[in-house]
Structure formats: C-alpha cells, structure tokens
Amino acid sequence: MIKVSAPVNQNLVLEIESFLFESAPSPWSIVLNRKSKVLFLEGIFKNKQDYQEKIQHLHESLSKSLDQIKIEKLDESWKEAYKNHFKTWSYKGINFIPEWERVKNANDIGDSCVYIDPGMAFGTGNHETTRLCIELLTDLYYQQAIPKNSFLDVGCGSGILSIFAQVLGFRFIAGIDNDECAIANSKINASINFKSPKINFSKKNISSIDSNLYNCVVANIQSDVLMTYCNKFTRVLQKKGNLVLSGILDYEVEVVRQTFQKQLRTDHLNAKIYTRRKKEWCALQIKLL
C-alpha cells in the first residue's frame, strides 16, 4: 500500500472539498495537522498506477496543481496500527471498548457497553467529534423518559452512534454512509453488540435521505457538507426533536450556526441552538420547539 500526501493551500480548500464531495466515495481525505494547523490532502492506494491515475484526475479537476507531493510505501502492519490508539473510555457509566479487549461474557452484550472495531472506518469515540456526539446524546437521552421512536445517523462510519442509539433505547434506527466498506463494518459492529440489532444500515448519499421524521438526527461530517444539505437535516426532524451536528472546527462554528438559523427561519421552524466544544472541535445541538 502507498500513502500520498500534499499540503493544501487555503485558496484550494473549497475546490478540493467540492471535488471530494462530487467524487465520493474517494480515497482522498483532508487532514488537519493540529500542531502546525496545516491542512493536508491524503490518500491510500494499492499501487503506483492507482495513485498516479488518481493524482492526474485530481489535477485535471483543480484550477491549480498540488505541490510538495510526498509518496510513502506503507508496511502492511499499518492496517492494525489504529488499535494502538483506541483505548477504552467511559462517559456517565457507559463504556466504549475495543472489540479485541471485550470480556467473553454474553451477558455484557447490549448492556452499558459498546464494543467497536472500526477497521478502516471512522468512529472509535476517541476523536473529539465523535465524543461530542456521544456526550450530547447521553445527556439528552440516557435514562430520560422522552420520545425515542426514530434515529438517523448520517455518515455512520463504524456504526458507533447508531449502535449507541440502540443502547439508549431508540426503536427504529437508520444509519447511512456513501462508503460500502463503512456499511459493511457497521453491520459487523452491530452484530457483536446485539443478538437482535434494530439498525438499518444502507449505502446512501445525503441527497437521498427519505421524508421520514426522526426524533433525533446526528451528522458527524464536514462542515461544508452540513451546510450544503442543511434543508435536508431540518426537514426530517420531528417537533421537539434534536439535531446533533459535529465535525465542525471552532473557526467554522459561527458560519454553520448562521446557515442553520437561516434555514430554520425559511422552514418557519422555532428552535434553540446550543454549542459544545472540545479542544478545537465543536458540535451544535439544534432543539426544535
């Protein structure tokens, strides 16, 4: 396997984000170096021909070619390297545990433990964006006597938030992602947590979200995608429902908030918006009244 990376000029960020959105699923992703605050475009490829074709396609789609492209050959052990960074953690008595550390006791299944093997998908709960979602969902729904009929997880990744929704007691749960590998991994993780999972995972784009109304909608994805489809998110939420948005950097949160406020006014919906922060990441909770 080969890793290709290149620093991204701020002037190209919107172009690259549009390219990634239009070509999804894509081997490319934008990564922020937290120390240097430099954005990088990174991709993992099978061989030289594969990455050369993808780089050519990328450059043909952009107004300016990327500079300082770095090529690295990866040892096969990189596939398992994520296990070194995923440690058990807890919030208000609920434990999030790597599958390879689970206690071999069937009585633990679906109790106050969530077992996850993210594989190549995003979502261990250790990243601030996912943890913000989990903490908000816990505070809103854990052991609370409020409606938990339906839940939508947009960009489900490893399936961790959908699985947690079943732990919280939601009756109907839908998880969607545009990556087939993420859907397959989500289904595996659901099966190792529940004898009878209630979750419907499916490969879908955000544009195809159905017209069902949900008590809770969660989207842990890029800010630009959140804003592009803000009308989809607000219109599938039931009265008194909660919309949880994450994947928002602190310098982006105000424009995201304003975008959703404008959409809510357009839809003639009354809502309160709350912000929660963790390091440089933010999540918004939008509560319909």
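The values are calculated or read from the model by the stated rules, or taken from the named source; none is laboratory data. Predicted, not measured: the structure shown is a model, and the values here were computed from it. Glycine gets a Cβ as well: all are built from the backbone with ideal geometry, and neighbour counts include every protein chain shown. Accessible surface areas use protein heavy atoms only, side chains included; no ligands, DNA or RNA. Shrake-Rupley method; radii C 1.70, N 1.55, O 1.52, S 1.80 Å.
For residue 246, the criteria (1) among the hydroxyl-bearing types (Ser, Thr, Tyr); (2) assigned to a helix (DSSP H, G or I); (3) open to solvent by less than 30 Å² (accessible area, probe 1.4 Å) hold in every case but one, which is (2).
Got a number for residues in region 271-289 being small (Gly, Ala, Ser) and within 11 Å of residue 245 (Cβ to Cβ)? Give the steps one after another, and end with the answer.
So the first thing to find is which residues in region 271-289 are small (Gly, Ala, Ser), and the list is 271, 283.
Still in the list and also within 11 Å of residue 245 (Cβ to Cβ): 283.
Residues that pass the stated criteria total 1.
Taken over region 210-220, residues that are buried (at least 20 other Cβ atoms within 10 Å of the Cβ) and within 13 Å of residue 154 (Cβ to Cβ) amount to 6. Assessment of region 203-210 against the conditions (outside any loop (DSSP other than H, G, I, E, B) and farther than 19 Å from residue 177 by Cβ) yields no matching residue.
Of everything listed in (1) loosely packed, with under 13 Cβ neighbours inside 10 Å; (2) modelled with pLDDT of 85 or more, the single unmet condition for residue 95 is (1).
None of 183, 173 is open to solvent by less than 30 Å² (accessible area, probe 1.4 Å) and over 20 Å from residue 138 (Cβ atoms) except 183. Sub-9 Å Cβ pairs linking a first residue in region 205-218 that is under 17 Å from residue 240 (Cα atoms) to a second residue that is surrounded by 15 or more Cβ atoms within 10 Å (Cβ to Cβ) and among the acidic types (Asp, Glu), at least 6 apart or interchain, are 217/153; 218/153, ordered by first then second residue.
In this structure, residue 150 qualifies as among the polar types (S, T, N, Q) and touching a residue at least 24 places away in the same chain (Cβ under 8 Å). Against the numbered list (1) within 19 Å of residue 150 (Cβ to Cβ); (2) under 17 Å from the mean Cα position of the chain (by Cα), residue 241 comes up short only at (2).
The rows are residues; the columns are (1) on the phi < 0 side of the Ramachandran plot; (2) at pLDDT below 85; (3) hydrophobic (A, V, I, L, M, F, W, C); (4) more than 17 Å from the chain's Cα centre (by Cα).
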site	(1), (2), (3), (4)
103	yes, yes, yes, yes
108	yes, yes, no, yes
172	yes, no, yes, yes
184	yes, no, yes, no
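Going through (1) touching a helix residue (DSSP H, G or I) at 6+ places or on another chain (Cβ under 7 Å); (2) at pLDDT 85 or above one by one, residue 117 falls short only on (2).
When you go through 228, 234 one by one, which is the residue that is among the β-branched types (Val, Ile, Thr), open to solvent by 60 Å² or more (accessible area, probe 1.4 Å) and either closer than 21 Å to residue 129 by Cα or in contact with an Asp or Glu (Cβ under 8 Å, 6 or more places away or on another chain) (or both)?
Numbers: 234 fails: open to solvent by 60 Å² or more (accessible area, probe 1.4 Å).
Exactly one of 228, 234 is among the β-branched types (Val, Ile, Thr), open to solvent by 60 Å² or more (accessible area, probe 1.4 Å) and either closer than 21 Å to residue 129 by Cα or in contact with an Asp or Glu (Cβ under 8 Å, 6 or more places away or on another chain) (or both), namely 228.
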